[in-house]
Structures are given as C-alpha cells and as structure tokens.
Amino acid sequence: KKRIAFLASGRGSNFQAVIDAIAAGTIPGICVGLVTDNPGAYAIERAKSAGIPVTVVDYARFPAKAAYEEALLSAMRACRADLFVLAGYMRILGFGIVREFSGRMMNIHPALLPAFSGLHAQRQAIEYGVKVAGCTVHLVDEGMDTGPIVVQRCVPVLPDDDETTLADRILAEEHEALPLAVKLFCEGRLEADGRRVRVR
Ligand code: GAR
C-alpha cells in the first residue's frame, strides 16, 4: 500500500473525501499524516477524528518564507510519503520542495486549467463569463497550477450562479476527481510522458 500524506490550509473537505475513500478500501493506500500551515484549519479536526497524525507548521510564526519552507520540508520528509496531496493548500511551494517531491505530489484546483489559475478561480470564471467550469487534479511542477493534468471534471455555469453556488457545484466534482487521481496513482496506473499523463 502507498503511503499518502496531505498538505491543507483550511476546511479540508477534499482531504476528507480521500481519507473516506481510503477507509472504504477504494484506494490502496494508508494515510500517514496531515501537514498544515494554519493552526485554525478545520482539516485538523478531521485528521484527529480519523486518528491521522497532524503537524502544524504555523506560517505566522516564521520570520521569513525561507525559514517556513525549511520547517515545512522537514515536516513533509518526516511523513515518509509515497504521495503528497495538496488538498486546499493555499500557498505557493518553493522550488526545493517541488523538486524533492517531483512526480509524487498532486494538487486540486477549482478550475479547468490552464484557465483561471491562482486564487479565487471560481470568481475568475464567473467574471470571465465562461459557460463551463470545473476542477483539475495535476502533478505539481515549478509553476503555479501548471503541472501535468491527471483528472479533470466539468460542470455548467448557470445564468444565476454567483461565486458560492458555482464553487459548491465544482466542489462536488472535486470530491470525486481527487480520490480518483489518488487511486490511479496508488494503483501505479499513471504514466507521465512529458506534459501528458496516460492512465493504464
Ligand atoms: C477547494 O475548492 C480547492 O480546489 C481549492 O481550495 C478549496 C479547498 O477546499 N484550492 C485552491 O484554490 C488551490 N489554489 P477544502 O479545504 O474543503 O478541500
């Protein structure tokens, strides 16, 4: 079984979706830890309920980003994970961390990349006026939301949508897309060929 660890900054509903799929036996993995930059993250409660070890690397307590990243990297290494899942981690990871976990770190983003990378993707979609939105699970590379795409799911944007209603519709798809991507990884079925990820 693959050792799966998570980085999350907030609510943790995607984290929950994956640990539920692990508990249900859908994903051949074990959850070995949650690392968070936010001591107030609700994801911490979820981890505790599931008996998953939590490491808080409180961003606010570090004088500079470099010191934070160093502590974050040690916490991540300590998980000895085969796969690191970014489930609502709201900061940009430094090159050192990205390099070390290259090919075994995934992120979920609430947009159909390469459209609407960065923060407030759902708001960006509403403001742009697109008629289709969705979510993307991708491998993490040095760019922001630019890595090879593993799974995408789409939803319609309805005429009366606002940021919240669209985000809720996308979130329901995220909760399927992320466990699926993690499952495929853990089953050894992902084959990266440059930008293109094939599923065997
Ligand atoms: C999710 O919508 C996720 O796609 C998004 O934050 C939310 C976290 O929700 N991530 C990003 O925007 C990354 N830039 P959750 O904490 O309930 O999983």
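The values are calculated or read from the model by the stated rules, or taken from the named source; none is laboratory data. From a predicted model like this one, the values you see are computed outputs, not experimental measurements. Neighbour counts run over all protein chains shown; Cβ positions are idealised from the backbone, glycine included. Heavy atoms of the whole protein, side chains included, go into the accessibility calculation; ligands, DNA and RNA do not. Shrake-Rupley method; radii C 1.70, N 1.55, O 1.52, S 1.80 Å.
For the reader, a short list of remarks on this structure follows.
- Once the Cα atoms are used to define both axes, helix 65-78 deviates from the longest principal axis of the chain by about 70 degrees.
- Degrees separating the helix 13-23 axis from the principal Cα axis of the chain, which is the longest one: 70 degrees
- Chain lengthening between residue 119 and residue 67 when straightened (0.36 nm per residue, less Cα-Cα): 16.4 nm
- Anisotropy class of the range 30-74 from Cα gyration tensor, a/c 1.5 cut: oblate
- Ordering of 158-167, 82-91 by packing is 82-91, 158-167, highest average first (other Cβ atoms within 10 Å, averaged per residue).
- From the largest down, the range 36-123 spans 34, 31, 29 angstrom on the principal axes of its Cα atoms.
- Nearest 10 degrees, 0 to 90: helix 163-186 Cα axis against the chain principal axis: 50 degrees
- The length gained on full extension between residue 160 and residue 20, counted as 0.36 nm times the residue separation minus their Cα-Cα distance, comes to 47.2 nm.
- Per-residue [θ]222 nm for the chain (sum of -39500 (n - 2.57) over DSSP H runs n ≥ 4, rounded to 500): -11000 deg cm²/dmol
- Largest mean-square fluctuation among 61, 123, 77, in a Gaussian network model of the chain whose springs join Cα atoms under 10 Å apart, belongs to 61.
- The aspartates and glutamates within cross-link reach of residue 131, meaning a Cα-to-Cα straight distance under 19 Å and a gap of 8 or more places when in the same chain, are 160, 161, 162, 163, 168, 173, 174.
- Globularity index of the chain, i.e. its alpha-carbon radius of gyration over 2.2 N^0.38 Å: 0.98
- Surface per residue (accessible, 1.4 Å probe) for the range 1-108, Å²: 46 Å²
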